[in-house]
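Worksheet: the structure to be examined is printed underneath.
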Amino acid sequence: MRARRRRILRLAVPVMGGMVSQTVLNLVDTAMVGRLGTTPLAATGLASYVNVVSIAFLMGIAAG
């Protein structure tokens, strides 16, 4: 049972780390673009959503 948990964690930890770093990157992008107005901020929000979904899909495939 412990060996199984280790194998799962070996796959899950890099995926979780990637998702956390992507979320932080999107937060910084939003903070920087937020000063430009509502339209650029809305565009950043949409792009961030597409980016997170794409990265999650690709990281899931890469992890196996």
Right, Val28: at pLDDT 90 or above, part of a helix (DSSP H, G or I), of a type outside the set (Phe, Trp, Tyr) and in contact with a Leu (Cβ under 8 Å, 6 or more places away or on another chain) or not?
-> no
Where a residue in segment 1-21 is farther than 18 Å from Val52 by Cβ and its partner, wherever it lies, is of a type outside the set (Lys, Arg), with Cβ under 8 Å and at least six apart | Leu11/Ala63; Leu11/Gly64
Answer yes if at least one residue in segment 46-64 is surrounded by fewer than 10 Cβ atoms within 10 Å (Cβ to Cβ) and touching a residue at least 40 places away in the same chain (Cβ under 8 Å), and no otherwise.
-> yes
Might you let me know whether segment 25-39 holds any residue that is touching a residue at least 12 places away in the same chain (Cβ under 8 Å) and within 9 Å of the chain's Cα centre (by Cα)?
-> yes
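The values are calculated or read from the model by the stated rules, or taken from the named source; none is laboratory data. In this text, all values refer to a predicted model and were calculated from it rather than measured experimentally. Counting neighbours? That spans all protein chains shown, and the Cβs are built from the backbone with ideal geometry, glycine included.
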